[in-house]
1. On full extension of the chain, what length is gained from Glu26 through Thr292, given 0.36 nm per residue of separation minus the C-alpha to C-alpha distance?
2. Given the convex hull over the Cα atoms of region 1-86, what projected area results after averaging over all orientations, in nm²?
3. Taking the mean number of other Cβ atoms within 10 Å as a proxy for protection, how do you rank 136-145, 250-259, 175-184 from highest to lowest?
4. How many nm is it between the label spots at Leu267 and Glu125, if each spot is 7 Å from the Cα in line with the beta carbon?
5. What base-10 log of the normalised intensity I(q)/I(0) is obtained for region 45-197 from the Debye formula, alpha carbons as equal point scatterers, at q = 0.17 Å⁻¹?
6. Could you sort out which of Lys146/Lys192; Lys108/Lys155; Lys35/Lys72; Lys192/Lys311; Lys25/Lys298 sit more than 30 Å apart by Cα distance in this structure?
7. So how exposed is Asp309, as accessible area in Å² (1.4 Å probe, rounded to 10)?
8. If I model a spin label as a point 7 Å beyond the Cα along the Cα-Cβ vector, how far apart are those points for Lys33 and Ile187 in nm?
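The values are calculated or read from the model by the stated rules, or taken from the named source; none is laboratory data. Source: prediction; values computed, not measured. Note: ideal-geometry Cβ built from the backbone for every residue, glycine included; neighbour counts use all protein chains shown. What goes into the accessible areas is simple: the full protein's heavy atoms, side chains included, and nothing from ligands, DNA or RNA. Shrake-Rupley method; radii C 1.70, N 1.55, O 1.52, S 1.80 Å.
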Amino acid sequence: MNNQEIVSIIIPVFNESEGIDNLFKEINEYHLKRKFEFEIIFVNDGSIDNTAELISNHKSLPYNCRLINFSKNFGAHAAVRAGFLHAVGGFITSLPADLQISFDTIEKLHLNALSGYDIVFGVREENEIGLIENIFSRLYALMMQKYVNKNFPFKGLETLLFNRKVLNIFNENIESNSSVFLQALSISFNNKFIEINKINRKIGKSKWSVSSKIKLLIDSFVAFSYAPIRFVSFIGILFFMIGIFWTIYIVSRKLIYNDIASGWPMLTSILLIGFGITNIGLGIIAEYLWRTLDASRKRPVFIIDEVIDLKNDN
């Protein structure tokens, strides 16, 4: 079969031992009724449980399936990028191991891509997540639209499917501390946004922790926007103006009413404003310096330990 007709589905996994058997059950069931040919690429992102063993036990599969083992945990986006390098299909997408995005959704993305789109983005149709996560998601989307990319959907991106033209760009520009979604948006080829239904997780716990969300927020701004630097400039000007007005107020009140003690009001304002600006500025500048250092080292975004073929070649 022509590889251009195959959809490469990348599934990053990290400590997903509870759901591996159910995941293979879903894949095998869809293979029997499939409406497109696919290959499965598992990327084990340094799991410390028996996830890799459970996957490798499923051998002699009737479809192309490989397992890529990392030497350690590098993160979900790095795992997806490793899958990109090993994808042979004409179209490429990713699937969460918890099956919150179904094969039917991939089928919908694929049909839209066949109509001539280079990238098809999946946008959440209904937002039934918790209040805190919902607030974070909406704020993140608003900030992305304002400072990074105006085309970022308000409901947020859940997945994407693209052709090999886009894949070549991803593989030529493997970015560390970056977002696959935002990099795809920045490519600006012929793309389309479609609504998809995200299914509630049935097995296991989400690995999308608070720290992961904070890192995503920082990576999104530092990697794709100059907004943090401009923010430092804005804060500096704002506090400088506040400092000027505060100084005028203190001096005037001292001269007119003489009811303010000498020394400490001015000293306090200078310390608060000065240290505030300094700390904010140093924190953001340090982010850019660290990423510049990280890029200059040219360390690999991920390290592959081994690749295991699980297909039945008989």
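1. In short, 91.5 nm is gained.
2. So the Cα hull casts an average projection of 5.7 nm².
3. Working: 136-145: 16.0, 250-259: 10.4, 175-184: 19.6.
The peptides rank, most packed first, as 175-184, 136-145, 250-259.
4. Each label point is offset 7 Å from its Cα along the Cβ direction, giving 6.6 nm.
5. Results for region 45-197 at q = 0.17 Å⁻¹ read -1.16.
6. Working: Lys146/Lys192 20 Å; Lys108/Lys155 18 Å; Lys35/Lys72 36 Å; Lys192/Lys311 33 Å; Lys25/Lys298 40 Å.
With Cα atoms farther than 30 Å apart: Lys35/Lys72; Lys192/Lys311; Lys25/Lys298.
7. The value for Asp309 is about 90 Å².
8. 3.1 nm
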